[in-house]
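The values are calculated or read from the model by the stated rules, or taken from the named source; none is laboratory data. The model shown is predicted, which means the values in this text are computed figures rather than measured ones. All Cβ positions, glycine included, derive from the backbone under ideal geometry; neighbour counts span all protein chains shown.
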Amino acid sequence: MKSAALPSSFGAANLLQIPVYQPYLGGNVSRYVNACLDSGWISSRGDFVSKFETGFAEFIGANEATSVANGTVAIHLALDALGIGPGDEVVVPTLTYIATVNTILQTGAKPVFVDSIEDTLQMNPEAAELAITPRTKAVMAVHLYGHPCDMTSILAICRKHNLLLIEDCAEAFGSKWNGQHVGTFGDAATFSFFGNKTITTGEGGMVVTRDPEIMRRCRRLKNQGVSSTREYWHDILAYNYRMTNIQAAIGLAQLEVAPEILALKAQVAQAYRAGLSQLPLRTHDAVGDVVHSHWMCSVIVDHPQDRDSLRSYLAERGIETRPFFPQTHTMPHCRAEGEFPIAARLSARGVNLPSYPGLSQDQIDGVCAAIRSFWGCLLQIR
Ligand SMILES: *Cc1c(COP(=O)(O)O)cnc(C)c1O
């Protein structure tokens, strides 16, 4: 297959120039980080930690938030604080990032996998209800690639069956269901601030909950379980999951530009939607009364056999992409019975395109032109 002509701004000099993600580090980030260095408060004590936590809770409309070292330990901390452990089952979509499932396994609980919905990519609430057994303790809703789950149905199921609800919002900072931020529906919710997440602290995470008792447990568990009244006295098995003041300084600066980041990401998604019409694929669009924060701008190709050749074609033209996650229940240490046909087909057909807020219209045009020429080439060959 000969390489297709692309816009001149997309010439050989620009090969391998468009990564899937780049952080958007503007605003006060260096000022705040330098303030940490100048003051010596570089570890997990310092003003930025509480400022970031308070600002974050305010941004999403949560009561309280506590920061942690990354998004994975955020989930583990939330599960532990909610008392989930051996003998419990947690209902979880198989189509998610491995951290969601690993943290359930790490508590000693059993993940019970469910299928997804074709258009939104989110957990199927009916499948979740069918997966409930007498041992089910919680439902883990994952807002995948920035689209919120159907929180009305999931909340109703949790209330009906008296189950805890945890939201993994690692990919959905800024997403809303019926006008309400994700992370404010369940008993606890977690966020990730990895370098490619919508707002970043390098590595970092957050746990939010409306329950003051759960928040107290999270704060104690993330800090070695230290007694509040006796120095170096630890009476529960706990962790060091703390975020540093430097991470929080970056986070606070990110929070200040978060509306800008979210607006730019919405524009990027819209530009892809316009540039990729009438091809044998669909973009991952918002369904219903939701705000889709477009952590990733995804396309789902009609025919699974096109997926990997499209990715190679784009890679040859300097455009990095990522495939959708494999189904977690097929991985060796998570292996479970069951067929999840929608998740399986999505996993085989999904491609995440360059999705960062700083993408220019020219770059998006270049990606769209390359994708269009991929099918143009195929047509010529066929
Ligand atoms: C990124 C991510 C996590 C984990 O976050 P880290 O900060 O990388 O530990 C958890 N769940 C999902 C769905 C994610 O995308």
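Test Ile199 against the criterion of being within 16 Å of the ligand (Cβ to nearest atom) and of a type outside the set (Gly, Ala, Ser), and give yes or no. It is true that Ile199 is within 16 Å of the ligand (Cβ to nearest atom) and of a type outside the set (Gly, Ala, Ser).
Between Gly358, Gly366, the distinction of being surrounded by fewer than 22 Cβ atoms within 10 Å (Cβ to Cβ) and outside the structural domain of Gln122 (by TED's automatic domain parsing) belongs to Gly358 only. Count of the range 63-87 residues, restricted to those that are surrounded by fewer than 18 Cβ atoms within 10 Å (Cβ to Cβ) and either farther than 29 Å from Pro134 by Cβ or within 16 Å of the ligand (Cβ to nearest atom) (or both), is 1.
From the list Arg311, Arg317, the lone residue that is basic (Lys, Arg), crowded, with 21+ Cβ neighbours inside 10 Å and either in the same structural domain as Ser277 (by TED's automatic domain parsing) or touching a helix residue (DSSP H, G or I) at 6+ places or on another chain (Cβ under 6 Å) (or both) is Arg317. Of the set (1) surrounded by fewer than 21 Cβ atoms within 10 Å (Cβ to Cβ); (2) over 22 Å from Cys334 (Cβ atoms), all apply to Ala127 but (2). Consider the range 132-177 and keep the residues that are of a type in the set (Phe, Trp, Tyr) and not in a loop (DSSP other than H, G, I, E, B). The one that is farthest from Met206 (Cα to Cα) is Trp177. In the range 245-254, the condition of being assigned to a strand (DSSP E or B) and within 16 Å of the ligand (Cβ to nearest atom) is met by no residue. Scanning the range 62-73 turns up no residue that is out of contact with any Cys (no Cβ under 9 Å at 6 or more places or on another chain), under 30 Å from Glu337 (Cβ atoms), in a strand (DSSP E or B) and not assigned by TED's automatic domain parsing to the domain that holds Leu359.
Okay, residues lined up against (1) surrounded by fewer than 18 Cβ atoms within 10 Å (Cβ to Cβ); (2) without any contact (Cβ under 8 Å) to a residue 24 or more places away in the chain; (3) out of contact with any helix residue (DSSP H, G or I) (no Cβ under 9 Å at 6 or more places or on another chain):
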residue	(1), (2), (3)
Ile60	no, no, yes
Ala109	no, no, no
Arg135	yes, no, yes
Met140	no, no, no
Cys169	no, no, no
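Reported count of residues in the range 315-344, each being out of contact with any Asp or Glu (no Cβ under 8 Å at 6 or more places or on another chain) and away from the ligand (no atom under 16 Å from the Cβ), is 16. Restricting attention to the range 88-97, which residues are more than 13 Å from the ligand (Cβ to nearest atom) and surrounded by fewer than 23 Cβ atoms within 10 Å (Cβ to Cβ)? Scanning the range 88-97 gives Asp88, Glu89. Close contacts from the range 181-195, counting a first residue that is more than 9 Å from the ligand (Cβ to nearest atom) and a second that is assigned to a strand (DSSP E or B) and among the small types (Gly, Ala, Ser), with Cβ to Cβ under 6 Å and a gap of 6+ residues or different chains, come to Gly183/Ala189. For the criterion of being closer than 28 Å to Asp150 by Cβ and in a helix (DSSP H, G or I), His294 fails. Within the range 303-331, the set of residues being over 23 Å from the mean Cα position of the chain (by Cα) and over 25 Å from Tyr356 (Cβ atoms) comprises His303, Pro304, Gln305. Of all the criteria given as (1) surrounded by fewer than 22 Cβ atoms within 10 Å (Cβ to Cβ); (2) within 13 Å of the ligand (Cβ to nearest atom), the one not satisfied by Thr103 is (1).
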